[in-house]
Structures are given as C-alpha cells and as structure tokens.
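The values are calculated or read from the model by the stated rules, or taken from the named source; none is laboratory data. Small disclaimer: the values here were computed from a predicted structure and weren't measured. Neighbour counts run over all protein chains shown; Cβ positions are idealised from the backbone, glycine included. These area figures cover heavy atoms from the full protein model, side chains too; ligands, DNA and RNA do not enter into them. Shrake-Rupley method; radii C 1.70, N 1.55, O 1.52, S 1.80 Å.
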Amino acid sequence: MIVGAKSFFEYERPELAEIFHPAFRATQIYKSVYQRWFDEFELMTDLPKPLRASLAEDWNVKLPALHRRFDSSDGTRRYLVRLADSELAETVFIPEEHRSTICISSQIGCALACTFCLTGQLGLTRHLTPGEIVTQVLVAQRDNLSWDMRDSFNIVLMGMGEPLHNYDNVMKALRILHDDEGLNVSMSRITLSTAGLLPPLERLANEPAIPNLAISLTGATNEKRNQLMPVNRKYPIEQLLDAVRRFPLKHRQRVTFEYVLLRDVTDSPQDALHLVKLLKGIRAKINLIPLNEAEELGYKRPSDGAIESFRQILIDHNISAFVRKNRGNDISAACGQLKKKWADEPEKVVHPVGAASRLDCR
Ligand code: SAH
C-alpha cells in the first residue's frame with residue numbers, strides 16, 4: 001500500500017479546502033478520518049476511485065506507531081508514540097466511569113525546570129507539531145474507547161512540556177480537535193495547564209475558542225515559588241493572578257489551580273492561608289496534588305493527615321479544594337513522572353490501532 005509523505009493531521013480543514021478541488025473534499029476526508037476512523041484512502045468510497053489513488057500517493061492518514069504501551073493495575077495506560085524523527089511523545093489514558101481523560105504532551109522535555117518535576121530535569125528537546133499533538137489524542141481514543149463511548153473523553157494538556165511555550169502549534173492542534181466536521185471536541189472538554197507564561201496567556205484570553213484554564217501554582221509566595229518554579233522570577237505571582245483575573249470565564253466556569261504538596265515546603269497551614277488570600281476574588285477551584293516522589297527529586301510527599309488538614313483549611317475558607325487521585329504511579333504515568341526513560345525500554349511491538357477492526361461498526 002502506498003503511503004504519501006504529507007501528514008493529514010497537520011492541517012486544519014480551511015487549509016485543506018484551499019488545497020483540494022473541489023473544496024468540499026476537505027470536509028469529506030476530515031469526516032472519514034476523524035469521525036469514521038478510516039486510515040486508508042481506499043476505504044473512502046464516497047471519493048472517486050482515481051482520486052483515492054492519487055491522494056494515497058501524496059498524503060498519510062495513518063496514526064503513528066506505538067513504541068510501547070504500559071498498563072497500570074488501576075487501568076491507566078501510558079503510551080510512547082513514535083514520531084518521524086524517532087523521538088517519543090508520552091500520552092496517558094486515564095479511564096473513568098463516565099468520561100475518561102486523555103493527557104497529552106505539547107513538547108519533548110520542557111524548558112521551565114520546575115524543581116519537583118521530572119520532565120523539568122530534561123530540558124527542552126523540541127516542540128511537538130500540531131499533528132503530533134492531535135494524533136496522541138487519536139491513539140488513546142481508538143485504543144481504549146469502544147465505538148459507543150468514543151466521545152466520552154476529556155483532554156488535558158498536562159503531559160510533557162509547557163503548552164503556552166509552544167503556542168501556535170498547540171492552538172492549531174486544538175482547532176483541529178475542535179472542528180465540528182472532525183473530532184468535534186468542545187472547548188469545555190479541553191483543559192490547558194500552564195506554569196504561567198504571561199504574554200501567551202494574554203493571547204489565549206483573546207482567542208475565539210478558549211479551553212479551560214489550569215494554573216500550576218505550587219508556591220503561595222514569590223519567595224517560595226521562585227525556588228520551585230524558576231518561571232516565577234520572570235512572571236511573579238501578582239502579575240500572574242492579575243492576568244487570571246482578566247481571563248474570560250463563561251457562566252459557572254472556574255479556573256483550576258494545581259498545587260503540588262511537598263512535605264515541609266508547601267504543606268503548612270500558613271501556606272494554605274497564603275493561598276486563600278491570593279485567590280480572593282477569583283472563581284477558582286484548587287486541585288491539591290500530593291507529590292509523586294522520585295529518587296531524582298529531593299522532596300517528600302506529606303502524610304495523609306497533613307494533606308487533609310491543608311484541604312480543610314481551604315474548605316473552611318469556602319474554596320473548593322480536591323485532592324487529586326494518584327493514577328498510574330506503577331507505570332510512571334502520574335503527574336510529573338513523564339520522563340524519557342525509554343533508553344532502557346526497548347521497543348515492544350504493539351499492534352497499531354486503527355480502523356481495521358472497527359469496519360463493521362460504522
Ligand atoms: N507545564 C504545564 C503542564 C504540565 S502539567 C504546567 O506546569 O502546568 C503537570 C502538572 O503536574 C503541573 O501542575 C505540575 O505542577 C504537576 N507536577 C509536576 N511534577 C509533579 C510531581 N512530581 N508530583 C506531582 N505533581 C507534579
């Protein structure tokens with residue numbers, strides 16, 4: 001079978017409408033790829049046969065191959081998706097009863113160097129392209145969700161990388177995922193998590209379609225946050241929160257703050273009170289993330305008692321606060337654990353996910 005060089009997943013539909021003649025072919029093919037999971041032009045019998053053949057020569061609609069899949073005892077799955085230059089993008093699928101979560105990466109590595117995050121120790125290798133971001137979602141969707149449940153997922157940009165550092169590619173990927181002739185994921189089902197890069201955050205606030213916003217806070221004073229998240233030295237807390245206050249929210253929508261609990265560093269009652277003060281006047285919800293420990297990190301996770309007391313202080317001050325459940329820890333899939341460990345993880349053949357097994361259900 002011929003597979004062309006151009007990756008279909010890199011393109012928005014309006015771009016394709018400029019390329020294909022007549023333009024409505026763009027919509028036809030978008031539907032076949034994103035809604036019917038076709039990964040070969042030959043399957044698209046609503047296109048004339050000669051066109052199918054010529055498209056196959058130029059374009060590739062196959063999902064990338066999987067290098068490895070790790071299955072956690074709690075059902076979470078971590079994927080290493082092989083990219084054209086042999087880099088691997090990490091994606092995590094977290095099953096939930098009603099709506100599962102697909103956690104995707106926006107970069108290989110990360111430039112921000114947060115001291116409690118394993119990805120932060122890697123430095124940045126490169127940005128991911130729009131297509132490399134989009135196909136992570138498709139890989140996790142098609143490998144985990146039955147046809148009936150195929151739209152029951154949320155997307156979180158909480159894998160490797162700082163999404164606002166790769167702004168243009170991330171936003172293009174979101175537009176592709178959001179397209180109503182494609183996967184049609186509503187922006188209310190997408191959450192972008194940032195360590196707080198201000199210029200792109202202001203840009204995001206002015207986009208026509210805006211995902212949910214999550215801010216990784218973790219330090220409640222500049223002194224502490226400077227130590228933990230070097231990005232704070234450039235964009236201190238007050239400026240970050242001012243930008244959040246200006247961020248447009250829909251009716252009943254809230255900004256999520258992620259706060260990593262580090263024993264004796266961010267888990268004192270005073271820290272909780274600082275947090276209460278900081279978030280005054282912001283429609284916020286706090287996700288407390290007890291540290292996922294790793295040998296390379298010099299921090300410890302607080303005791304369960306300390307975690308609960310911290311949460312209680314927030315609740316007592318009328319702030320909704322949740323403790324994030326620890327999922328996929330046994331396969332290094334939990335928050336902050338994504339790290340290139342694949343040098344010692346040789347390729348294991350995983351059958352590529354795709355349309356073949358599903359032809360009967362459309
Ligand atoms: N760069 C973005 C996206 C990464 S999301 C951001 O900073 O928001 C990853 C989330 O996991 C962030 O909220 C981060 O604070 C959190 N995290 C990082 N390392 C962690 C660790 N070791 N344990 C628990 N959470 C961690």
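Which residue, of Ile289, Ile215, is of a type in the set (A, V, I, L, M, F, W, C), touching a Cys at 6+ places or on another chain (Cβ under 6 Å) and part of a strand (DSSP E or B)?
Answer to the check: Ile289.
From Val81, Val92, grab the single residue that is buried (at least 23 other Cβ atoms within 10 Å of the Cβ) and away from the ligand (no atom under 16 Å from the Cβ).
Of Val81, Val92, the one residue that is buried (at least 23 other Cβ atoms within 10 Å of the Cβ) and away from the ligand (no atom under 16 Å from the Cβ) is Val81.
When the residues of region 183-193 are filtered to those that are among the hydroxyl-bearing types (Ser, Thr, Tyr) and either surrounded by fewer than 23 Cβ atoms within 10 Å (Cβ to Cβ) or without any contact (Cβ under 8 Å) to a residue 24 or more places away in the chain (or both), which remaining residue is farthest from the ligand (Cβ to nearest atom)?
Among those that are among the hydroxyl-bearing types (Ser, Thr, Tyr) and either surrounded by fewer than 23 Cβ atoms within 10 Å (Cβ to Cβ) or without any contact (Cβ under 8 Å) to a residue 24 or more places away in the chain (or both), it is Ser186.
For region 47-78, give me the residue count where each residue is of a type in the set (Lys, Arg), open to solvent by 50 Å² or more (accessible area, probe 1.4 Å) and outside any strand (DSSP E or B).
Count: 2.
Within region 307-326, is there a residue that is at pLDDT below 85, assigned to a helix (DSSP H, G or I) and away from the ligand (no atom under 12 Å from the Cβ)?
No; the residues of region 307-326 include none that is at pLDDT below 85, assigned to a helix (DSSP H, G or I) and away from the ligand (no atom under 12 Å from the Cβ).
Might you check whether a residue that is within 12 Å of the chain's Cα centre (by Cα), under 26 Å from Ala294 (Cβ atoms) and either assigned to a helix (DSSP H, G or I) or at pLDDT below 95 (or both) occurs anywhere in region 141-155?
Scanning region 141-155, I find no residue that is within 12 Å of the chain's Cα centre (by Cα), under 26 Å from Ala294 (Cβ atoms) and either assigned to a helix (DSSP H, G or I) or at pLDDT below 95 (or both), so the answer is no.
Inside region 252-286, can you point out the residues that are polar (S, T, N, Q), within 13 Å of the ligand (Cβ to nearest atom) and in a loop (DSSP other than H, G, I, E, B)?
Thr266
Name the one entry in His165, His178 that is within 15 Å of the ligand (Cβ to nearest atom) and surrounded by fewer than 22 Cβ atoms within 10 Å (Cβ to Cβ).
His165
Restricting attention to region 98-131, and to residues there that are more than 16 Å from the ligand (Cβ to nearest atom) and closer than 19 Å to Ser7 by Cα, which single residue is most open to solvent (accessible area, probe 1.4 Å)?
Of everything passing the filter in region 98-131, Thr129 is most open to solvent (accessible area, probe 1.4 Å).
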